[in-house]
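Report on the structure given below.
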Amino acid sequence: SRRWRRVPGSSSPRPMPESVHEQGNGPASGPTSGQAPGQVSGQASGQASGQAPGQAPGQAPGQAPGQAPGQNPAPASGPASAQASPVPVIAIDGPTASGKGTVAGRVAAALGWHYLDSGALYRLVALAALRAGVDPADGPALAALAAGLRPRFEGGRILLADGEDVADAIRAEAVGVAASRAAAQPALRAALLALQHAARRAPGLVADGRDMGTVVFPDAVLKVYLTASVESRAARRHKQLIEKGFPANIVDLSRDLAERDARDMQRAQAPLRPAEGALVLDSTRLSIDETVAAVLEAYRRRAAH
Ligand code: DC
(Lines give C-alpha, C1' and ligand atoms only; values in the text may rest on other atoms or scores of the structure.)
Protein backbone atom coordinates (compact mmCIF):
# COMPACT_ATOMS: atom_id res chain seq x y z
CA SER A 1 0.00 0.00 0.00
CA ARG A 2 1.13 3.50 -0.64
CA ARG A 3 0.22 6.22 1.71
CA TRP A 4 1.57 9.10 3.66
CA ARG A 5 2.17 8.07 7.16
CA ARG A 6 1.59 10.31 10.09
CA VAL A 7 3.04 9.49 13.43
CA PRO A 8 0.75 8.99 16.43
CA GLY A 9 -0.95 12.10 17.61
CA SER A 10 -1.51 13.33 14.10
CA SER A 11 -4.66 13.67 12.15
CA SER A 12 -5.82 10.66 10.23
CA PRO A 13 -3.64 9.49 7.35
CA ARG A 14 -4.59 10.66 3.94
CA PRO A 15 -4.14 8.82 0.71
CA MET A 16 -0.94 9.77 -0.97
CA PRO A 17 -0.16 10.44 -4.57
CA GLU A 18 0.74 7.37 -6.56
CA SER A 19 4.33 8.53 -6.69
CA VAL A 20 4.86 8.70 -2.95
CA HIS A 21 5.96 5.43 -1.41
CA GLU A 22 5.74 4.05 2.03
CA GLN A 23 8.90 3.24 3.93
CA GLY A 24 10.38 -0.20 3.51
CA ASN A 25 9.68 -0.64 -0.15
CA GLY A 26 12.90 -2.43 -0.82
CA PRO A 27 16.37 -1.54 -1.96
CA ALA A 28 17.33 1.76 -3.42
CA SER A 29 17.15 2.36 -7.08
CA GLY A 30 19.93 4.93 -6.86
CA PRO A 31 19.90 8.68 -6.89
CA THR A 32 16.71 10.27 -8.06
CA SER A 33 16.55 12.69 -10.93
CA GLY A 34 20.28 12.34 -11.31
CA GLN A 35 20.64 14.84 -8.52
CA ALA A 36 22.36 14.38 -5.25
CA PRO A 37 20.91 15.95 -2.16
CA GLY A 38 22.84 18.66 -0.51
CA GLN A 39 23.40 20.51 -3.74
CA VAL A 40 21.58 23.36 -2.19
CA SER A 41 24.29 25.27 -0.45
CA GLY A 42 24.05 25.73 3.24
CA GLN A 43 22.20 28.88 4.00
CA ALA A 44 21.18 30.18 7.32
CA SER A 45 19.89 33.58 8.03
CA GLY A 46 20.04 35.44 11.25
CA GLN A 47 22.23 37.66 13.32
CA ALA A 48 25.50 36.16 12.32
CA SER A 49 24.73 34.87 8.89
CA GLY A 50 21.78 35.97 6.85
CA GLN A 51 20.93 34.71 3.43
CA ALA A 52 18.87 35.11 0.37
CA PRO A 53 16.63 32.14 -0.20
CA GLY A 54 16.34 30.07 -3.26
CA GLN A 55 19.80 30.37 -4.63
CA ALA A 56 20.65 26.77 -5.31
CA PRO A 57 22.04 26.08 -8.73
CA GLY A 58 19.42 24.77 -11.08
CA GLN A 59 16.60 25.37 -8.70
CA ALA A 60 13.38 27.09 -9.55
CA PRO A 61 13.54 30.85 -9.23
CA GLY A 62 12.15 32.33 -6.11
CA GLN A 63 13.25 34.54 -3.32
CA ALA A 64 11.81 36.40 -0.45
CA PRO A 65 10.18 39.64 -1.42
CA GLY A 66 12.41 42.62 -1.13
CA GLN A 67 15.57 40.61 -0.88
CA ALA A 68 18.15 40.21 -3.58
CA PRO A 69 20.31 37.10 -3.75
CA GLY A 70 23.48 37.57 -1.82
CA GLN A 71 22.09 40.11 0.57
CA ASN A 72 22.28 39.47 4.26
CA PRO A 73 19.07 40.64 5.87
CA ALA A 74 18.92 42.93 8.85
CA PRO A 75 18.89 41.22 12.24
CA ALA A 76 15.55 39.84 13.35
CA SER A 77 13.57 42.33 15.37
CA GLY A 78 12.42 39.91 18.03
CA PRO A 79 11.26 36.41 18.79
CA ALA A 80 8.64 35.22 16.36
CA SER A 81 6.60 33.78 19.21
CA ALA A 82 5.93 37.31 20.49
CA GLN A 83 4.25 38.29 17.25
CA ALA A 84 0.50 38.12 16.83
CA SER A 85 0.81 36.03 13.73
CA PRO A 86 4.02 34.04 13.84
CA VAL A 87 6.07 33.69 10.71
CA PRO A 88 5.19 30.27 9.28
CA VAL A 89 7.80 27.54 9.36
CA ILE A 90 8.02 24.29 7.44
CA ALA A 91 10.30 21.92 9.35
CA ILE A 92 12.03 19.17 7.37
CA ASP A 93 13.96 16.67 9.48
CA GLY A 94 15.56 13.39 8.63
CA PRO A 95 18.72 11.33 8.57
CA THR A 96 21.85 12.37 6.76
CA ALA A 97 21.77 12.34 2.94
CA SER A 98 18.00 11.87 2.83
CA GLY A 99 17.69 14.80 0.43
CA LYS A 100 16.52 17.32 3.03
CA GLY A 101 18.78 20.09 1.80
CA THR A 102 17.74 19.88 -1.82
CA VAL A 103 14.06 19.46 -1.00
CA ALA A 104 14.02 22.22 1.62
CA GLY A 105 15.83 24.63 -0.70
CA ARG A 106 13.40 23.96 -3.51
CA VAL A 107 10.36 24.27 -1.29
CA ALA A 108 11.71 27.58 -0.01
CA ALA A 109 12.30 28.78 -3.56
CA ALA A 110 8.82 27.74 -4.66
CA LEU A 111 7.21 29.64 -1.79
CA GLY A 112 9.63 32.59 -1.85
CA TRP A 113 10.59 31.82 1.74
CA HIS A 114 13.90 31.81 3.58
CA TYR A 115 15.85 28.62 3.99
CA LEU A 116 17.80 27.46 7.03
CA ASP A 117 20.28 24.61 6.68
CA SER A 118 20.84 23.98 10.37
CA GLY A 119 23.29 21.16 9.63
CA ALA A 120 25.60 23.72 8.04
CA LEU A 121 25.84 25.47 11.41
CA TYR A 122 26.90 22.24 13.15
CA ARG A 123 29.33 21.55 10.30
CA LEU A 124 30.82 25.05 10.57
CA VAL A 125 31.48 24.54 14.26
CA ALA A 126 32.91 21.07 13.56
CA LEU A 127 35.26 22.46 10.92
CA ALA A 128 36.41 25.18 13.31
CA ALA A 129 36.94 22.54 16.02
CA LEU A 130 38.97 20.28 13.72
CA ARG A 131 41.14 23.19 12.66
CA ALA A 132 41.64 24.43 16.22
CA GLY A 133 42.29 20.97 17.64
CA VAL A 134 39.20 21.21 19.85
CA ASP A 135 37.74 17.89 21.02
CA PRO A 136 34.29 17.43 19.39
CA ALA A 137 33.07 16.18 22.78
CA ASP A 138 34.08 19.38 24.62
CA GLY A 139 30.70 21.12 24.81
CA PRO A 140 31.78 24.43 26.37
CA ALA A 141 34.72 24.80 23.95
CA LEU A 142 32.39 24.08 21.03
CA ALA A 143 29.87 26.63 22.30
CA ALA A 144 32.68 29.21 22.48
CA LEU A 145 33.64 28.41 18.88
CA ALA A 146 30.00 28.79 17.84
CA ALA A 147 29.75 32.16 19.55
CA GLY A 148 32.86 33.34 17.72
CA LEU A 149 31.72 32.28 14.27
CA ARG A 150 30.38 35.03 12.06
CA PRO A 151 29.63 33.18 8.84
CA ARG A 152 28.05 35.01 5.95
CA PHE A 153 25.80 33.06 3.60
CA GLU A 154 26.02 34.51 0.12
CA GLY A 155 24.40 32.51 -2.62
CA GLY A 156 26.12 29.15 -2.56
CA ARG A 157 29.09 30.52 -0.62
CA ILE A 158 29.65 30.35 3.11
CA LEU A 159 32.21 32.93 4.08
CA LEU A 160 34.15 33.02 7.32
CA ALA A 161 35.16 36.32 8.89
CA ASP A 162 38.44 36.33 6.93
CA GLY A 163 36.60 35.84 3.65
CA GLU A 164 37.44 32.14 3.19
CA ASP A 165 34.65 30.25 1.43
CA VAL A 166 34.11 26.97 3.31
CA ALA A 167 30.93 25.85 1.51
CA ASP A 168 32.74 22.82 0.08
CA ALA A 169 35.05 22.19 3.03
CA ILE A 170 32.15 21.67 5.44
CA ARG A 171 30.75 18.92 3.17
CA ALA A 172 33.77 16.67 3.73
CA GLU A 173 32.84 13.38 5.39
CA ALA A 174 35.25 13.96 8.27
CA VAL A 175 33.51 17.24 9.03
CA GLY A 176 30.09 15.55 8.94
CA VAL A 177 31.25 12.87 11.36
CA ALA A 178 32.73 15.50 13.70
CA ALA A 179 29.52 17.53 13.41
CA SER A 180 27.47 14.52 14.45
CA ARG A 181 29.70 14.06 17.51
CA ALA A 182 29.64 17.74 18.38
CA ALA A 183 25.86 17.86 17.96
CA ALA A 184 25.45 15.51 20.91
CA GLN A 185 26.76 18.25 23.20
CA PRO A 186 23.95 20.19 24.93
CA ALA A 187 26.11 23.30 25.30
CA LEU A 188 26.60 23.51 21.55
CA ARG A 189 22.93 22.88 20.80
CA ALA A 190 22.00 25.70 23.18
CA ALA A 191 24.59 28.00 21.63
CA LEU A 192 23.11 27.50 18.16
CA LEU A 193 19.47 27.86 19.17
CA ALA A 194 19.22 31.66 19.00
CA LEU A 195 20.88 31.72 15.60
CA GLN A 196 18.32 29.27 14.28
CA HIS A 197 15.38 31.19 15.77
CA ALA A 198 16.72 34.38 14.19
CA ALA A 199 16.34 32.76 10.78
CA ARG A 200 12.57 32.85 11.22
CA ARG A 201 11.76 35.86 9.10
CA ALA A 202 8.80 36.91 7.00
CA PRO A 203 7.33 35.73 4.77
CA GLY A 204 8.29 32.26 5.98
CA LEU A 205 11.08 29.80 6.71
CA VAL A 206 11.83 26.30 5.51
CA ALA A 207 14.24 24.77 8.01
CA ASP A 208 16.04 21.47 7.61
CA GLY A 209 17.91 19.45 10.19
CA ARG A 210 17.30 16.82 12.85
CA ASP A 211 15.26 18.66 15.46
CA MET A 212 13.54 21.45 13.54
CA GLY A 213 10.06 20.09 14.25
CA THR A 214 10.75 18.57 17.66
CA VAL A 215 12.80 21.26 19.42
CA VAL A 216 13.70 24.38 17.45
CA PHE A 217 10.36 25.17 15.77
CA PRO A 218 7.77 23.04 17.59
CA ASP A 219 4.97 25.29 16.28
CA ALA A 220 5.90 24.69 12.64
CA VAL A 221 2.85 24.73 10.39
CA LEU A 222 4.10 21.60 8.65
CA LYS A 223 6.59 19.03 9.93
CA VAL A 224 8.11 16.59 7.50
CA TYR A 225 10.30 13.60 8.30
CA LEU A 226 12.19 12.82 5.12
CA THR A 227 13.99 9.52 4.96
CA ALA A 228 15.33 7.02 2.42
CA SER A 229 17.07 3.64 2.54
CA VAL A 230 20.70 3.58 3.68
CA GLU A 231 21.70 2.24 0.24
CA SER A 232 20.12 5.08 -1.68
CA ARG A 233 21.42 7.67 0.75
CA ALA A 234 24.94 6.25 0.44
CA ALA A 235 24.64 6.34 -3.36
CA ARG A 236 23.48 9.96 -3.26
CA ARG A 237 26.20 11.01 -0.85
CA HIS A 238 28.80 9.18 -2.97
CA LYS A 239 27.72 11.11 -6.06
CA GLN A 240 27.71 14.37 -4.14
CA LEU A 241 31.23 13.83 -2.76
CA ILE A 242 32.70 12.75 -6.11
CA GLU A 243 31.18 15.83 -7.73
CA LYS A 244 32.89 17.99 -5.14
CA GLY A 245 36.20 16.25 -5.78
CA PHE A 246 36.31 14.34 -2.48
CA PRO A 247 37.41 10.69 -2.46
CA ALA A 248 34.50 8.39 -1.59
CA ASN A 249 33.81 4.70 -1.23
CA ILE A 250 30.26 3.33 -1.13
CA VAL A 251 30.95 0.62 1.45
CA ASP A 252 32.63 3.03 3.85
CA LEU A 253 29.90 5.60 3.26
CA SER A 254 27.11 3.11 4.04
CA ARG A 255 28.81 2.17 7.29
CA ASP A 256 29.42 5.81 8.22
CA LEU A 257 25.80 6.72 7.45
CA ALA A 258 24.46 3.89 9.58
CA GLU A 259 26.76 4.87 12.45
CA ARG A 260 25.79 8.50 12.16
CA ASP A 261 22.09 7.64 12.04
CA ALA A 262 22.50 5.61 15.22
CA ARG A 263 24.36 8.43 16.95
CA ASP A 264 21.86 11.10 15.86
CA MET A 265 18.89 8.93 16.88
CA GLN A 266 20.23 7.67 20.17
CA ARG A 267 21.65 10.82 21.69
CA ALA A 268 19.97 12.15 24.79
CA GLN A 269 19.72 15.71 23.48
CA ALA A 270 17.23 16.40 20.69
CA PRO A 271 17.49 12.94 19.11
CA LEU A 272 16.49 12.46 15.50
CA ARG A 273 12.91 11.22 15.38
CA PRO A 274 9.71 12.19 13.57
CA ALA A 275 7.94 15.05 15.32
CA GLU A 276 4.40 14.48 16.52
CA GLY A 277 2.09 15.00 13.59
CA ALA A 278 4.94 14.81 11.08
CA LEU A 279 4.38 13.74 7.52
CA VAL A 280 6.78 10.84 7.02
CA LEU A 281 8.08 10.71 3.45
CA ASP A 282 10.36 7.97 2.14
CA SER A 283 12.17 9.37 -0.88
CA THR A 284 13.98 6.15 -1.81
CA ARG A 285 12.07 5.81 -5.05
CA LEU A 286 10.93 9.39 -5.45
CA SER A 287 12.49 12.02 -7.65
CA ILE A 288 13.38 15.32 -6.08
CA ASP A 289 10.51 16.93 -8.00
CA GLU A 290 8.01 14.39 -6.65
CA THR A 291 9.24 14.88 -3.11
CA VAL A 292 9.07 18.67 -3.40
CA ALA A 293 5.57 18.41 -4.85
CA ALA A 294 4.46 16.20 -1.95
CA VAL A 295 5.74 18.71 0.61
CA LEU A 296 4.12 21.67 -1.15
CA GLU A 297 0.84 19.81 -1.46
CA ALA A 298 0.89 18.97 2.25
CA TYR A 299 1.66 22.59 3.11
CA ARG A 300 -1.17 23.90 0.93
CA ARG A 301 -3.57 21.52 2.61
CA ARG A 302 -2.40 22.66 6.05
CA ALA A 303 -2.51 26.32 5.10
CA ALA A 304 -6.07 25.93 3.81
CA HIS A 305 -7.27 24.97 7.29
O1 DC B 1 22.39 17.53 7.91
P2 DC B 1 23.88 17.44 8.03
O3 DC B 1 24.42 16.09 7.59
O4 DC B 1 24.58 18.55 7.33
O5 DC B 1 24.20 17.59 9.58
C6 DC B 1 25.50 17.36 10.10
C7 DC B 1 25.38 16.88 11.55
O8 DC B 1 24.87 17.91 12.37
C9 DC B 1 24.46 15.69 11.73
O10 DC B 1 25.15 14.46 11.76
C11 DC B 1 23.79 15.93 13.04
C12 DC B 1 23.96 17.39 13.32
N13 DC B 1 22.71 18.15 13.27
C14 DC B 1 21.94 18.18 14.39
O15 DC B 1 22.26 17.52 15.39
N16 DC B 1 20.82 18.94 14.43
C17 DC B 1 20.43 19.63 13.36
N18 DC B 1 19.33 20.36 13.42
C19 DC B 1 21.20 19.58 12.17
C20 DC B 1 22.33 18.82 12.16
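The values are calculated or read from the model by the stated rules, or taken from the named source; none is laboratory data. The structure displayed is predicted, hence computed values, not measured ones. Cβ atoms come from the backbone with ideal geometry, glycine included; neighbour counts cover every protein chain shown. Surface accessibility is based on the protein's heavy atoms, side chains included, excluding ligands, DNA and RNA. Shrake-Rupley method; radii C 1.70, N 1.55, O 1.52, S 1.80 Å.
Observations on the structure shown:
- For the pair residue 259 and residue 194, the difference between a 0.36 nm per residue extended length and the Cα-Cα distance amounts to 20.5 nm.
- Ordered by solvent-accessible area of protein heavy atoms (1.4 Å probe), largest first, the residues 197, 114, 238 come out as 197, 238, 114.
- Under the simplified labelling scheme, the residue 250-residue 289 pair shows an inter-label distance of 2.6 nm, with each label point 7 Å from Cα along Cα→Cβ.
- A simple rule links phi to the HN-Hα coupling: the Karplus curve 6.51 cos²θ - 1.76 cosθ + 1.60 with θ = phi - 60°, which for segment 210-221 gives 10, 10, 4, x, 8, 10, 6, 10, x, 9, 3, 5 Hz, with x for Gly and Pro.
- Three-way shape call for segment 147-269 based on the alpha-carbon gyration tensor, with the a/c threshold at 1.5: oblate
- Computed FRET value (nearest 0.05) for residue 243 with residue 304, which takes r as the C-beta separation and R₀ as 41 Å: 0.60
- With each label modelled as a point 7 angstrom along the Cα→C-beta vector, the residue 85-residue 164 pair spans 4.5 nm.
- Efficiency of FRET between residue 268 and residue 132 - r from beta-carbon atoms, R0 25 angstrom, step 0.05: 0.45
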